[in-house]
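Engineer: Just dropping this structure here.
The values are calculated or read from the model by the stated rules, or taken from the named source; none is laboratory data. Here the structure is a predicted model, which means the values were calculated and not measured. Cβ: placed from backbone, ideal geometry, glycine included. Neighbour counts: every protein chain shown. Only protein heavy atoms, including side chains, enter the accessible area calculation; ligands, DNA and RNA are left aside. Shrake-Rupley method; radii C 1.70, N 1.55, O 1.52, S 1.80 Å.
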Amino acid sequence: MLRRLSISAALAALAVPVVATGLLAGPAAADADGGPTDPDVQTQVRKTERRAAERALVVTRQAKRTARRAETDAPLTVTIDQLTPSTIPEQGVVRVSGTITNNDKVPWSTINVRPFISAEPMTSAAELDDAAKTPADAVVGERINDERHKDFIEELAPGQQVSYRFSVPRSLLHADSPGVYWFGVHALGENGNGRDETADGRARTFLPLVPPSREGSLPTAIVIPLRHQLTYSEDGSLDDLAGWSKTLSQGGRLRTLVDFGASSGNRTVTWVVDPALVDAVRRLAEGNPPRSLAPNLQAGEPDGEGDETSDPSASPTETPTESPAPTEEPEESGDSPLDLDALDPVVQAAADAAQAWLARLGEAMRAEDQVLTLPYGDVDVAAAAQHDPALLERAVARSEVGLTGFDVVTTPVLSAPSGYLTTEGIEAADQDTSILLTDAMFDDPAPALASTEGHHVVVTSSGAAEGGPGPDSRTGLTAMRQRLLSEAAVRFLGGDETSLTMVLPHDWKPDGGATYFGGLDVPWLDLTSVDSVSHATEPAAVVGSTLRYPGWQEGAELDQPGFDAAEGLTRAGNTLQNLLTLNNIVAGTVADQALGTVSYSARTRPIENRVSAERSRGWIDERLTSVRVSAPTAVTLSSSSGRFQATITNDLDQPVTVSLDAQSDDRLDIEGPRRIEVRPESAVAVILTARTDENGLHEVALLVTDKRGTPLGARTGLTIRSAQVSNVIWLFMAIGAALLFGAILVRLFRRVRNARRGSGPPGADPGTDASPGGPADPPAEDRQPAGAGSR
């Protein structure tokens, strides 16, 4: 179609010397009545006439300057903030508004803001993808030079920003064929070098045209991801409170994403949430307390752990986590008995922002929405499937608990921020786990649904997530909406009415949202959930080996040392819990932190996250070694067994239950009580029994362990000397004793016998001899002098 020239352009051209006469006949942009009636146009004409004599070589100079201008060097930045309606209507007008900013060091004046549209539509996703990569200064459409449907800015100082607004009648669009058209805004002004017909600033987007006669609708799912890097101090409290306050407050990334979801109204959206993020924000709302060793059990209450030894790396989900119990009305979760006035100002600000964010999230997640939960801590699934499958299983099981404090039904999901996942990661998923993969992993054209490695996969649109074509913000609210609509339109118009799924960029910061969702209210688009999309049609069978997993993704995966550090921290937490008598939740708290150190976000700072895990493990080890043992340096056994005393000292302010493990050679056995309970900041004496059958010296190490036998780190050494007599010596001693006691018995027998022989018959006079011969005279040596007995 013929292009209409503006008055200013015609007058500028007249100022250039030409050889042929009649090259330009006059202003071609006048209205049908022969002259401009817009006051802005009249002002522009007067300014142009006043400066015409000063611009002899303006056109050539400006053309050269424009040819050298890079996309980011455009002096004027144009945005499209509002585009209503979002598709080409059957009749009426298209309203456009936005801002223009002067990025130059000199003023710009007489700026015309005009719309443009392409002559032919795009009808495939591939064309949209190519169009999105088109250079900013490429000509993609014809300018609509209608003076009644434009805006005019008289002057714009350096750094100044102004708004523009105009409408374009449907009749001027000249779009008749179904498809997606280029649509945008050109800003044409002048500075000290004059002006030309090349745009000095532009904004572009896509505008679909779907005939109302087209029947049916395309199932479309919008996925809002809520994920964030979780960094902890060594005591288990969250780090970077200022950053948390910023992202949770108005204008912050996490807050804008929640506000965006809330603006959907009664339209269905799908949330992909890391449960660890919700628990972390709730921790902030409670004042960001450190890791607690305080009792959560009453004395004598069973801890549910049993006495048997088990793998300390067992899933911490077997015990409760340190999260508050769910509430009936999560939107009231912002109310807390916490005395914020007593907190540090930085902690208080984070607590305020956290409470407001939780309340807003409770409002945003409606009954019609679907909530998908990532493996707890947003674990790097591809790396975990290779380096630590058990950790991945624990993360998935942990997320099955749901979102603490919210009465919503959740479903597990695997979804990487980039959309890429290895076949090992896919194979590790349970059958009831949703899997979202980017279409960049599939051969073109990618299916909307796929079946691979025995799993049902929802294929997401990478093009829709990339946003608009630029040069204005590709991820602006209008740009993102128009790209989604365009992707849906080409599928719908091409007869591919399967489905469309878009996962919003996890780092996206939408400005508002009401106009976004309002623009999706078109009859041919059915905004629904991922679950509904996954059942829209039969999935296409795809061999796992054909999926693309680029090298840059493989290189970004977390390495083995990161998982080793996480596993070490988890084991330390289990040992700490097994030490404490009245606490059976600290292991779960530590394990939650460990999972967060191997998240997708940790890919950008792997060393920092590994160091964080090791520092927390050091904090725990310091508490473990606060339970000490002491014993005599030497013990001597005079027999095959003997007792000695050891003392266990507890420097913690919590009661502990421990055991003593004695390590020595296989010739010595040491026995003691199986469990030893020690009160806070006190000591207890323990009697140990040593047994051996061999003489000699035995080096013994006494180690303090938890109730499951895991060493705590405290130990002491002693020497046990066995000095027992040999069995031969005992034999001789036994024989000697037998002879001694035998001789004694023989002598006693003889005395008794002799005594019996010397006694007479009963009734006889003891002074007379009972024998017939009469009494015998005693020997002379036995006689006593007379009167001896009376002395």
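Engineer: Quick one: count up the residues across region 356-374 that are surrounded by 21 or more Cβ atoms within 10 Å (Cβ to Cβ) and without any contact (Cβ under 8 Å) to a residue 60 or more places away in the chain.
Structural biologist: Selection size over region 356-374: 1.
Engineer: Being open to solvent by 40 Å² or more (accessible area, probe 1.4 Å) and more than 14 Å from PRO445 (Cα to Cα) is the filter here, so list the residues in region 124-135 that pass it.
Structural biologist: Matches in region 124-135: ASP130, LYS133, PRO135.
Engineer: Next question, about the same structure. Has region 616-627 got at least one residue that is touching a helix residue (DSSP H, G or I) at 6+ places or on another chain (Cβ under 6 Å), among the hydrophobic types (A, V, I, L, M, F, W, C) and under 16 Å from ARG398 (Cβ atoms)?
Structural biologist: no
Engineer: Here is a list: ALA175, ALA221, ALA199. Which entry is within 30 Å of GLU368 (Cα to Cα), open to solvent by less than 10 Å² (accessible area, probe 1.4 Å) and of a type in the set (Gly, Ala, Ser)?
Structural biologist: ALA221
Engineer: Give me the pairs: first residue in region 681-694 and more than 13 Å from LEU668 (Cα to Cα), second residue outside any strand (DSSP E or B) and open to solvent by 40 Å² or more (accessible area, probe 1.4 Å), beta-carbon distance under 8 Å, and six or more apart or on different chains, which are they?
Structural biologist: Correct list of pairs: GLU681/ASP651; GLU681/ASP653; VAL686/GLY672; VAL686/PRO673; ILE687/GLY672.
Engineer: Shifting gears a bit: Listed residues LEU156, LEU83, LEU128, LEU76; which is of a type outside the set (Lys, Arg) and over 30 Å from SER171 (Cβ atoms)?
Structural biologist: LEU156
Engineer: Can you tell me which of VAL96, VAL78 is modelled with pLDDT of 50 or more, within 39 Å of the chain's Cα centre (by Cα), open to solvent by less than 10 Å² (accessible area, probe 1.4 Å) and among the aliphatic types (A, V, I, L, M)?
Structural biologist: Criteria check complete, one pass: VAL78.
Engineer: Inside region 513-525, can you point out the residues that are open to solvent by less than 70 Å² (accessible area, probe 1.4 Å) and in contact with a Pro (Cβ under 8 Å, 6 or more places away or on another chain)?
Structural biologist: TYR516, GLY519
Engineer: Moving to a separate point now. Kindly indicate the residue of region 614-628 that is buried (at least 20 other Cβ atoms within 10 Å of the Cβ) and of a type in the set (Val, Ile, Thr) and also farthest from the chain's Cα centre (by Cα) among those meeting that condition.
Structural biologist: VAL627
Engineer: Give just the number: which of (1) surrounded by fewer than 14 Cβ atoms within 10 Å (Cβ to Cβ); (2) within 13 Å of SER626 (Cα to Cα) does LEU652 not satisfy?
Structural biologist: Single failed check for LEU652: (1).
Engineer: May I ask you to list the residues in region 480-496 that are under 18 Å from ASP511 (Cβ atoms) and open to solvent by 10 Å² or more (accessible area, probe 1.4 Å)?
Structural biologist: Hit for region 480-496 is ARG481, nothing else.
Engineer: Considering LEU209, LEU188, which residue is closer than 18 Å to VAL93 by Cα, more than 36 Å from the chain's Cα centre (by Cα), among the hydrophobic types (A, V, I, L, M, F, W, C) and open to solvent by less than 20 Å² (accessible area, probe 1.4 Å)?
Structural biologist: LEU209
Engineer: Which pairs turn up if I take residues in region 200-212 that are over 10 Å from ALA489 (Cβ atoms) and among the hydroxyl-bearing types (Ser, Thr, Tyr) and look for partners that are open to solvent by 10 Å² or more (accessible area, probe 1.4 Å) and assigned to a strand (DSSP E or B) with beta carbon separation below 9 Å, at least 6 apart in sequence or on another chain?
Structural biologist: Final answer for the pair search is THR205/TRP182.
Engineer: Taking the residues in region 427-437 that are more than 21 Å from the chain's Cα centre (by Cα) and free of Cβ contacts under 8 Å to residues at least 40 places away in the same chain as candidates, determine which candidate is farthest from LEU485 (Cα to Cα).
Structural biologist: Filtering first and then ranking leaves GLN431.
Engineer: Could you check region 546-557 and list, in sequence order, the residues that are within 28 Å of the chain's Cα centre (by Cα) and either in contact (Cβ under 8 Å) with a residue 24 or more places away in the chain or open to solvent by 70 Å² or more (accessible area, probe 1.4 Å) (or both)?
Structural biologist: Passing the criteria: LEU547, ARG548, TYR549, PRO550, TRP552, GLN553, GLU554, ALA556, GLU557.
Engineer: Which residues, taken from region 691-711, are open to solvent by less than 10 Å² (accessible area, probe 1.4 Å), at pLDDT 90 or above and either part of a strand (DSSP E or B) or farther than 29 Å from ILE620 by Cα (or both)?
Structural biologist: VAL700, LEU702, VAL704, THR705
Engineer: Which one of the conditions (1) in a helix (DSSP H, G or I); (2) open to solvent by 50 Å² or more (accessible area, probe 1.4 Å); (3) within 30 Å of GLY252 (Cα to Cα) does ASP507 fail to meet, given that it meets all the rest?
Structural biologist: Unmet for ASP507, out of (1) in a helix (DSSP H, G or I); (2) open to solvent by 50 Å² or more (accessible area, probe 1.4 Å); (3) within 30 Å of GLY252 (Cα to Cα): (1).
Engineer: Taking region 585-602, which residues are over 14 Å from the mean Cα position of the chain (by Cα) and not in a helix (DSSP H, G or I)?
Structural biologist: Result: ILE585, single match.
Engineer: Do any strands (runs of 3 or more DSSP E) entirely within region 105-172 hold 2 or more residues that are of a type in the set (S, T, N, Q) and farther than 14 Å from ALA199 by Cα, and if so, which?
Structural biologist: 161-169
Engineer: All but one of (1) outside any strand (DSSP E or B); (2) at pLDDT below 90; (3) not charged (D, E, K, R) hold for PRO632; state the number of the condition that does not hold.
Structural biologist: PRO632 satisfies every listed condition except (2).
Engineer: Sort out which residues of region 256-296 are open to solvent by 30 Å² or more (accessible area, probe 1.4 Å) and part of a helix (DSSP H, G or I), and write them in order of number.
Structural biologist: Hits for region 256-296 are ASP259, ARG283.
Engineer: Could you tell me how many of the residues in region 438-462 are under 27 Å from the mean Cα position of the chain (by Cα), within 20 Å of LEU128 (Cβ to Cβ) and surrounded by 20 or more Cβ atoms within 10 Å (Cβ to Cβ)?
Structural biologist: 6
Engineer: Further, regarding this structure: What's the number of the only condition in (1) of a type in the set (D, E, K, R); (2) open to solvent by 20 Å² or more (accessible area, probe 1.4 Å); (3) modelled with pLDDT of 95 or more; (4) under 30 Å from ASP137 (Cα atoms) that LYS246 fails to meet?
Structural biologist: Only one criterion is unmet by LYS246, namely (4).
Engineer: Give region 558-581 a look and list any residue that's crowded, with 19+ Cβ neighbours inside 10 Å and in a loop (DSSP other than H, G, I, E, B), or say none.
Structural biologist: LEU558, THR581 - these are the residues of region 558-581 that are crowded, with 19+ Cβ neighbours inside 10 Å and in a loop (DSSP other than H, G, I, E, B).
Engineer: To continue, here is another question. Mind checking which helices (runs of 4 or more DSSP H) fall wholly inside region 421-500 and carry at least 2 residues that are under 27 Å from GLY141 (Cα atoms)?
Structural biologist: Ranges flagged: 462-466, 477-493.
Engineer: Restricting the search to region 675-706, which residues are more than 19 Å from PRO632 (Cβ to Cβ), in contact with a Ser or Thr (Cβ under 6 Å, 6 or more places away or on another chain) and of a type in the set (Lys, Arg)?
Structural biologist: Once the filter is applied, which keeps residues that are more than 19 Å from PRO632 (Cβ to Cβ), in contact with a Ser or Thr (Cβ under 6 Å, 6 or more places away or on another chain) and of a type in the set (Lys, Arg), region 675-706 yields only ARG675.
Engineer: Can I ask one more? I'd like to know if region 529-545 contains one or more residues that are of a type in the set (S, T, N, Q), outside any helix (DSSP H, G or I) and open to solvent by less than 60 Å² (accessible area, probe 1.4 Å).
Structural biologist: Yes, region 529-545 contains a residue that is of a type in the set (S, T, N, Q), outside any helix (DSSP H, G or I) and open to solvent by less than 60 Å² (accessible area, probe 1.4 Å).
Engineer: Out of ASP665, ASP669, I need the residue that is of a type outside the set (Phe, Trp, Tyr), open to solvent by 60 Å² or more (accessible area, probe 1.4 Å) and either over 40 Å from the mean Cα position of the chain (by Cα) or within 21 Å of VAL586 (Cβ to Cβ) (or both). Which one?
Structural biologist: Answer to the selection: ASP669.
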